[in-house]
Amino acid sequence: MEAILNRRSIRKYTDQAIPEELITELLEAGMCAPSAGNERPWHFVVITERNLLNGITEIHTHAQMLKQAPVAIIVCADRTCDKYPGSSYMVQDCAAATENILLAARDKGLGACWLGVYPRDDRMKGLTRLLGLPEHVIPVSAIALGFPAEVKSAGSRYDAARVHRNHW
């Protein structure tokens, strides 16, 4: 509950490198997400090269924190895993994987920020080109990662007005 209740989007990072073992733990958390039909359509592109991190900021205007972040993870969906054509759950599955990574990052003392990619065509095409993604793979989200250089207070987000019992 601590990670869930205190997770916030962190956009400022120290220059400390993230150990590879920690990145692997985050990816393991992502791969533990639920997925429709257990298809697990996700692929993850781990980016540590500065020119690629900076390149993403030219594609995604709200990704400027990547100029400072030491790592980004691009969560992608593999269309060949689509068991439900026409009503695909791939994006939901990748969103669940993204959230698991964000929570694991918080739990491990890292700062992270979810950057939306899907369904923005310009962002999807730009990342596909930049990263050389195959045609059957679509980028769904990006996650900026680093050791936090800012602290954001939690505060309660529970809103009873948004809870409906048995009907609206």
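None of the figures in this text is laboratory data; all of them are computed from the coordinates on show. Note that the coordinates shown come from a computational prediction; the quantities given were computed from them, not determined experimentally. Glycine also receives a Cβ, built like all others from the backbone with ideal geometry; neighbour counts cover every protein chain displayed.
If the segment from Thr24 to Lys152 were pulled out straight at 0.36 nm per residue, it would be longer than the present Cα-Cα gap by 43.5 nm. Region 71-136 and region 144-160 have Cα centres spaced 21 Å apart.
When you restrict to C-alpha pairs under 8 Å that are six or more residues apart and normalise by the size of region 46-93, the relative contact order lands at 33 percent. The shape of region 58-150 comes out oblate: with a ≥ b ≥ c from the C-alpha gyration tensor, a/c is at least 1.5 while a/b does not beat b/c.
Straightening the chain between Cys32 and His62 buys 8.0 nm, computed as 0.36 nm per residue apart minus the Cα-Cα spacing. A simple charge model with +1 on the Cβ of Lys and Arg, -1 on the Cβ of Asp and Glu and nothing else charged puts the dipole of region 1-97 at about 400 debye relative to its Cα centre.
In region 80-168, a dipole from Cβ-located charges (positive for Lys and Arg, negative for Asp and Glu) runs towards its positive end, and of Cys81, Trp168, Gly132 it is Trp168 whose Cα lies farthest in that direction.
Partner lysines whose Cα lies under 20 Å from the Cα of Lys108, excluding those fewer than 8 positions away in the same chain, are identified as Lys12, Lys152. With θ taken as phi - 60° and the Karplus curve 6.51 cos²θ - 1.76 cosθ + 1.60 applied, the whole-hertz 3J(HN,Hα) list for region 23-33 is 4, 4, 4, 5, 5, 4, 4, x, 6, 8, 5 Hz, x standing for glycine and proline. Computed 3J(HN,Hα) for region 110-121, one whole-Hz value per residue from the Karplus formula 6.51 cos²θ - 1.76 cosθ + 1.60 where θ = phi - 60°, is 9, x, 8, 9, 7, 10, x, 10, 6, x, 6, 4, glycine and proline marked x. Computed over region 1-92, the quotient of the alpha carbon radius of gyration and 2.2 N^0.38 Å is 1.26. Computed with the Debye formula from one identical point scatterer per Cα of region 102-168, without solvent, the log10 of I(q)/I(0) at q = 0.11, 0.16, 0.18, 0.29 Å⁻¹ comes to -0.50, -0.80, -0.85, -1.18.
Sorting 43-50, 12-19 by their mean Cβ neighbour count within 10 Å, with the most densely packed peptide first, gives 43-50, 12-19.
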